[in-house]
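Quick note: the coordinates plus some simple rules give every number you see, no bench work behind them. Since the structure is predicted, the reported quantities are computational estimates derived from the model, not experimental observations. Backbone-built Cβ (ideal geometry, glycine too); neighbour counts: all protein chains shown.
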Amino acid sequence: MKKPIKILITIIIITAAIAALILAAQALFLKGTPSDEIWQSSDAFDPSSVSQLTKADGEDFTILLLADIQLGASIKKDRAALEMMDELVAETNPDFIMTTGDNSYFLIADIMTKKAITRLSSYGIPWSTTLGNHDTDSLGTRDWVGNQYENAENSLFQMGPGNVSGVGNYVINIADTDGNIIYSLIVLDSNVERKYEEGKDYDYIQEDQISWYEWAVDGQSDVPSMLFFHIPLPEFADAQSMLESGELSDPTAFGVNHETVCAPPYNSGLFDKIVELGSTTHVFVGHDHINSLSVTYEGVRLTYGLKTGPTCYFEEEMQGATLITIVDGTNEIILENIYK
C-alpha cells in the first residue's frame with residue numbers, strides 16, 4: 001500500500017474515533033434534560049403561564065435585537081463581540097434584550113454558551129434567545145443548551161412543550177400597567193439540518209410547530225405578535241427578488257443583502273399561516289451574517305437582525321444590533337439598525 005493512501009486511511013480512522021468519542025461524551029455529560037411539558041391543542045391558552053414584561057405608562061418599550069454573536073472564533077474577536085454588546089446595551093438602555101441564536105459556535109460552543117449567558121445576565125435586564133444551528137456545534141445537545149438558557153439569571157427562555165419539535169418554542173407577552181397585553185413575542189426553534197433527497201441542508205420549522213403557533217395566536221385573539229427564530233423562511237428570498245425586480249414596492253424598506261438567503265429548500269407553510277391568521281406583524285431572523293434587509297411582504301415585515309460582532313464571517317460596515325421600539329399610545333413598531 002502506498003504511503004499517501006496509508007496516511008489517508010489513518011486520518012479517516014482518527015477522525016471517526018474522535019467523532020465517536022464526542023458522541024459518547026455528549027451522551028454521558030452534556031445530554032441535558034428534555035422538557036416534561038406536554039401540549040394539547042384542545043387545551044385553552046393560558047396567558048398567566050407565560051412570562052410577561054410590563055411597558056411603563058407614557059414610555060415606549062424597546063427591544064434590543066442581537067444576532068449571530070458566535071462566540072468561539074478567537075479570544076480577540078470574542079472580546080470585541082462582547083465589548084460591542086456592552087456598548088449597544090449602554091447606548092440603547094433597552095427594556096428587553098433578544099438574540100436570534102448562534103450565540104456560540106464551533107468546537108467550544110458549550111463553553112461559549114455559558115460565556116454568552118454570563119454577559120447577557122450581567123446587564124440586569126430581562127433577556128432571551130432562540131437557538132441557532134451552531135449553538136450545538138460542540139458537546140452540548142439541544143436540550144443541554146436549552147437548559148442553560150432556561151436556568152440563567154434574568155432569562156425568559158423556556159424549553160417549550162416536549163412533544164413539539166425543537167427546543168425553545170415559547171411565548172413572552174408585553175402588557176401595560178393595567179395588565180392588558182399589547183404585543184406577544186412568539187419564539188420558534190428553526191432547528192438545525194436534515195437530509196433531503198439532494199443531500200443535507202438546513203431544516204425547516206415543522207408542521208407541529210406551526211400548529212402550536214396557530215394555537216398560541218388563536219388563544220390570544222386580537223393581540224398582535226412578533227415572531228423570532230434563526231433561519232430565514234424562503235419568503236425572505238422571494239421578497240428580496242421582488243423588491244429588486246420592481247414587482248414589490250416598499251418605500252420603508254431598508255438594509256441590504258450581500259449574500260444568498262440561506263433558507264431551507266422545503267417550504268413548510270409557516271408564512272402562509274402567518275398571513276392567514278393576521279396576528280404577526282413582524283418576523284425577525286439572523287443566520288445570514290451579511291444580510292440586513294428589512295421589507296414588508298404581503299403585509300408582514302421581514303427583518304434580518306444586524307450581526308453583532310466581528311466573529312465567524314462579517315463585514316465591517318454591517319455590525320451592531322437592531323432596535324425594535326413599540327411606540328407609546330399607538331403600539332406602532334419602529335425599527336432602527338444601530339451600527340458599530
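At a glance:
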{"quantity": "Computed magnitude of the charge dipole of the stretch 31-79 (debye, nearest 20; Cβ of K, R +1, Cβ of D, E -1)", "calculated": "540 debye"}
{"quantity": "Cα-based equivalent ellipsoid of the chain: semi-axis lengths in Å, sorted from largest, via gyration tensor", "calculated": "33, 23, 22"}
{"quantity": "The chain: most fluctuating residue of I231, I182, I97 per GNM, C-alpha cutoff 10 Å", "calculated": "I182"}
{"quantity": "Principal-axis tilt of helix 109-122 within the chain, Cα atoms, nearest 10 degrees", "calculated": "30 degrees"}
{"quantity": "Listed residue (F106, T130, V50) projecting farthest to the positive dipole end of the stretch 31-339, Cβ model", "calculated": "F106"}
{"quantity": "Longest segment of the chain lacking GluC sites (Glu not before Pro) that sit in a DSSP loop with at most 15 other Cβ atoms within 10 Å", "calculated": "60-152"}
{"quantity": "Simple spin-label estimate for E315 and I13 in nanometres, 7 Å along Cα-Cβ", "calculated": "4.8 nm"}
{"quantity": "Rounded to 10°, Cα long-axis angle of helix 3-29 versus longest principal axis of the chain", "calculated": "50 degrees"}
{"quantity": "Percentage relative contact order, the stretch 31-339, counting C-alpha pairs under 8 Å, at least six apart", "calculated": "22 percent"}
{"quantity": "Simple Cβ-charge dipole of the chain, Lys/Arg +1 and Asp/Glu -1, about Cα centre, in debye nearest 20", "calculated": "2060 debye"}
{"quantity": "Rounded tilt (10° steps) of 75-92 against the dominant C-alpha axis of the chain", "calculated": "0 degrees"}
{"quantity": "GNM flexibility winner over the chain from A253, A116, A90 (Cα, springs under 10 Å)", "calculated": "A90"}
{"quantity": "Gaussian network model of the chain, springs between alpha carbon atoms under 10 Å - residue of G72, G199, G168 with greatest fluctuation", "calculated": "G199"}
{"quantity": "Mean-position separation - Cα centroids, the stretch 48-114 and the stretch 212-263, in angstrom", "calculated": "21 Å"}
{"quantity": "Chymotrypsin sites (Phe, Trp or Tyr not before Pro) restricted to the stretch 244-340 and DSSP loop, no more than 14 other C-beta within 10 Å", "calculated": "Y266, Y313"}
{"quantity": "Extension gain (nm, one decimal) between E37 and D86, 0.36 nm per residue minus Cα-Cα", "calculated": "14.2 nm"}
{"quantity": "Count of lysine pairs in the chain with Cα separation under 23 Å (8 or more residues apart, or interchain)", "calculated": "15"}
